[in-house]
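The block underneath contains the structure these notes are about, expressed in structure tokens.
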Amino acid sequence: MFDFSIVTQWFDALLRDTLGLGNFWAILIECVIVGVLILVAYALIAIALIFMERKVCAYFQCRIGPMRVGPWGTLQVFADVVKMLIKEIFFVDRADKFLYITAPILVIIGSVGAFSFLPWNNGAVILDFNVGVFLLTAISSIGVVGIFLAGWASNNKYSVVSAMRGAVQLISYEMSLCLCLITAVILTGTMQVSGIVEAQTGPWQWLVFKGHIPAIIAFLVFLVAGNAEANRGPFDTEQLYL
């Protein structure tokens with residue numbers, strides 16, 4: 001497998017030795033580039049998965065899915081993104097503007113920040129701490145604060161109740177997800193995310209295969225709780241209200 005550390009070391013040497021940049025500017029440029037790459041990968045993965053989900057759900061329901069925007073509906077996700085960005089321009093009456101703006105930023109930080117702990121490939125990991133699983137759960141939990149803050153900042157009692165319901169729901173799912181992660185930590189003997197990945201290298205070395213009954217149960221629970229945490233069907237809010 002290709003070692004991406006060769007690329008990162010070459011780019012760091014290019015900034016420091018070839019261009020003669022100092023330690024501060026070299027690290028700043030590297031952090032900006034890495035952040036942009038994470039955001040681009042985050043957006044592309046989200047676009048592809050949302051489009052696939054819509055098509056698969058449409059197939060289950062004997063429909064054809066989004067077809068109006070772009071060929072075969074491929075641009076429908078982009079149109080929805082533009083629509084949501086335009087809606088963010090307007091503020092709710094009597095809302096706390098600072099908190100109202102901060103809430104979606106916290107949700108994005110919690111979601112994108114989790115990508116920083118994922119080892120994409122050999123040498124392609126941004127933050128590789130020895131307690132990576134703990135930090136991963138801590139960063140991803142920031143989104144719950146953003147959801148509750150959005151309802152609170154709206155200055156509406158119904159929004160607060162709805163936000164509290166959504167936050168409590170997410171916390172209950174995260175309890176199950178954390179217990180599943182603890183199972184992986186126990187089976188591998190490390191909280192370092194890259195160490196958990198390395199423990200599963202090779203054919204039939206996945207924890208779901210060699211972890212026996214506990215790993216299978218944790219996998220199934222994680223599959224259901226992760227789907228519910230992301231508010232995907234059949235756990236999406238619209239169906240819960242029916």
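Please go through segment 194-235 and pick out each residue that is over 21 Å from V144 (Cβ atoms), open to solvent by less than 50 Å² (accessible area, probe 1.4 Å) and not in a loop (DSSP other than H, G, I, E, B).
The answer is S194, G195, I196, L207, V208, A215, A218.
From I186, I108, grab the single residue that is open to solvent by 70 Å² or more (accessible area, probe 1.4 Å), closer than 27 Å to C31 by Cα and among the aliphatic types (A, V, I, L, M). Lay out the reasoning, then the answer.
Details: I186 fails: closer than 27 Å to C31 by Cα.
One residue alone meets the criteria, I108.
From (1) open to solvent by less than 90 Å² (accessible area, probe 1.4 Å); (2) assigned to a helix (DSSP H, G or I), pick out the condition that doesn't hold for Y158.
(1)
Test V144 against the criterion of being touching a helix residue (DSSP H, G or I) at 6+ places or on another chain (Cβ under 8 Å) and part of a helix (DSSP H, G or I), and give yes or no.
Numbers: touching a helix residue (DSSP H, G or I) at 6+ places or on another chain (Cβ under 8 Å): yes; part of a helix (DSSP H, G or I): yes.
Here the answer is yes, as V144 does meet what is asked.
Would segment 72-92 turn up any residue that is at positive phi and assigned to a helix (DSSP H, G or I)? It would help to see each step written out before you state the result.
Taking segment 72-92 as the starting set, the residues that turn out to be at positive phi are 72-73.
Filter once more, keeping what is assigned to a helix (DSSP H, G or I): 72-73.
Yes, because at least one residue in segment 72-92 is at positive phi and assigned to a helix (DSSP H, G or I).
Look through segment 1-13, keep the residues that are of a type outside the set (F, W, Y) and touching a helix residue (DSSP H, G or I) at 6+ places or on another chain (Cβ under 9 Å), and return whichever of them is farthest from G202 (Cα to Cα). Spell out the reasoning first.
Here is the first cut: in segment 1-13, the residues of a type outside the set (F, W, Y) are 1, 3, 5-9, 12-13.
If we keep only those that are touching a helix residue (DSSP H, G or I) at 6+ places or on another chain (Cβ under 9 Å) as well, we get 8, 12.
On the way: T8: 26, D12: 32 Å.
Here the residue is D12.
The values are calculated or read from the model by the stated rules, or taken from the named source; none is laboratory data. Computed from a predicted structure; not experimentally measured. With ideal geometry, Cβ positions are generated from the backbone for all residues, glycine too; neighbour counts draw on all protein chains shown. All accessible areas refer to the heavy atoms of the entire protein, side chains included, with ligands and DNA or RNA removed. Shrake-Rupley method; radii C 1.70, N 1.55, O 1.52, S 1.80 Å.
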